[in-house]
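The values are calculated or read from the model by the stated rules, or taken from the named source; none is laboratory data. Note that the structure is predicted; figures quoted are calculated from it, not measured. Cβ placement follows ideal geometry from the backbone for every residue including glycine, while neighbour counts extend to all protein chains displayed. Side chains included, ligands, DNA and RNA excluded: accessible areas come from the protein's heavy atoms. Shrake-Rupley method; radii C 1.70, N 1.55, O 1.52, S 1.80 Å.
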Amino acid sequence: STTANVLLPEHDGKPAKLEVKLYENLAVGDLIEFFWDGEHVVSADYTVIAADKAGDTLERTIAWEYIQRGDNGQKAVDYRLTRTLVPNSPRSKPRIVDVTAVVLHPDEPVFEGVNPKGWLSCESLVDPANPSAEPAVRITVGDLSKYGLVAGASVTMKWWVLHGLVGSEEVDDAAFEETVTLGTDYPVSGFTWRVEPYVDYIFPIYEYDALNHTGRARCTYEFEDPALLKRGIHKVVVSNMAEQRIAMHDPNGPCEVFY
């Protein structure tokens with residue numbers, strides 16, 4: 001962080017640098033143990049050496065795992081001194097750090113109808129619960145209440161497809177984004193999102209290349225972190241990405257059901 005004692009959402013996943021001025025009357029062999037939110041940060045322990053002197057700045061690293069376990073909020077950081085043959089181990093006064101760096105990473109969505117060979121295929125477009133529904137790729141989002149979302153919150157769904165089974169070339173015409181509102185149609189407890197109409201967002205995968213009609217479908221969802229929003233911080237969190245091989249054709253051409 002460029003601001004002392006403040007860890008922001010952009011620091012998500014990163015370790016923190018801790019600095020402390022060495023104390024008066026230090027002695028070789030003194031053990032300095034650091035604590036983040038009451039948890040001993042073993043990897044930050046330091047033993048005083050002969051070259052150290054009072055007033056020197058000691059730099060230690062607080063690994064991300066400790067920050068993540070402590071979560072967001074006002075976190076106390078302090079250290080304890082232990083000297084051989086001295087029965088007492090005094091602790092420093094705590095330094096308070098304002099943490100909003102622990103950002104949610106929601107579970108990835110799940111593609112429905114993947115065939116036994118691991119592909120989204122023509123058969124995947126048929127909803128077994130409603131066979132007469134328009135053909136669509138169906139994607140399930142799990143329970144969102146565990147992230148603090150409630151009815152009325154907005155969730156943005158994103159679908160895109162990469163051409164072929166390797167590389168990063170995107171089938172631009174297949175990209176689809178939709179913001180839904182949690183409620184009756186999209187329950188907070190979980191819902192199914194439909195990529196439709198077929199001709200707009202799925203058929204372009206077949207059209208994109210005259211020889212190779214396969215691809216990799218990807219999907220994420222995103223929303224504003226409710227906990228940070230309560231503190232007046234607008235931070236959009238993005239779910240882990242789901243990826244699935246897709247081939248919306250058979251040996252004779254695109255999915256027959258549509259032609």
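Figures for the structure shown
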| read-out | value |
| --- | --- |
| So LEU149, is it open to solvent by less than 60 Å² (accessible area, probe 1.4 Å), of a type outside the set (Phe, Trp, Tyr) and either under 20 Å from GLU112 (Cα atoms) or outside any loop (DSSP other than H, G, I, E, B) (or both) | no |
| Tally of residues being closer than 30 Å to ASP225 by Cα, in contact (Cβ under 8 Å) with a residue 12 or more places away in the chain and either of a type in the set (Ser, Thr, Tyr) or open to solvent by less than 30 Å² (accessible area, probe 1.4 Å) (or both) across segment 1-32 | 5 |
| Residues (closer than 14 Å to MET157 by Cα and open to solvent by 50 Å² or more (accessible area, probe 1.4 Å)) located in segment 202-229 | ARG218, GLU224 |
| For VAL199: the one exception among (1) farther than 15 Å from ALA175 by Cβ; (2) touching a residue at least 40 places away in the same chain (Cβ under 8 Å); (3) not in a strand (DSSP E or B) | (1) |
| Failed item, numbered, when GLY13 is tested on (1) within 26 Å of LEU104 (Cβ to Cβ); (2) outside any loop (DSSP other than H, G, I, E, B) | (2) |
| Check on ILE246, of a type in the set (Val, Ile, Thr) and modelled with pLDDT under 95 | no |
| Matching residues in segment 33-67 - criterion: being open to solvent by 70 Å² or more (accessible area, probe 1.4 Å) and either among the aliphatic types (A, V, I, L, M) or modelled with pLDDT under 95 (or both) | VAL42, ILE49, ALA50, ALA51 |
| Search result, residues across segment 236-255 that are in contact (Cβ under 8 Å) with a residue 60 or more places away in the chain, assigned to a loop (DSSP other than H, G, I, E, B) and open to solvent by 60 Å² or more (accessible area, probe 1.4 Å) | ASN240, MET241 |
| Filter pass, TYR79 being farther than 22 Å from GLY13 by Cβ, more than 26 Å from the chain's Cα centre (by Cα) and free of Cβ contacts under 8 Å to residues at least 40 places away in the same chain | no |
| Lone unmet requirement of (1) closer than 30 Å to LYS235 by Cα; (2) surrounded by fewer than 12 Cβ atoms within 10 Å (Cβ to Cβ); (3) touching a Pro at 6+ places or on another chain (Cβ under 7 Å) for GLU134 | (1) |
| Condition check for PHE191: aromatic (Phe, Trp, Tyr) and in contact with a Ser or Thr (Cβ under 8 Å, 6 or more places away or on another chain) | yes |
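Yes/no matrix, rows are residues, columns are (1) open to solvent by less than 20 Å² (accessible area, probe 1.4 Å); (2) over 17 Å from GLU108 (Cβ atoms); (3) part of a strand (DSSP E or B); (4) touching a Gly at 6+ places or on another chain (Cβ under 6 Å):
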{"site": "THR140", "(1), (2), (3), (4)": "no, no, yes, no"}
{"site": "VAL161", "(1), (2), (3), (4)": "yes, no, yes, yes"}
{"site": "GLY167", "(1), (2), (3), (4)": "no, yes, no, no"}
{"site": "GLU178", "(1), (2), (3), (4)": "no, yes, yes, no"}
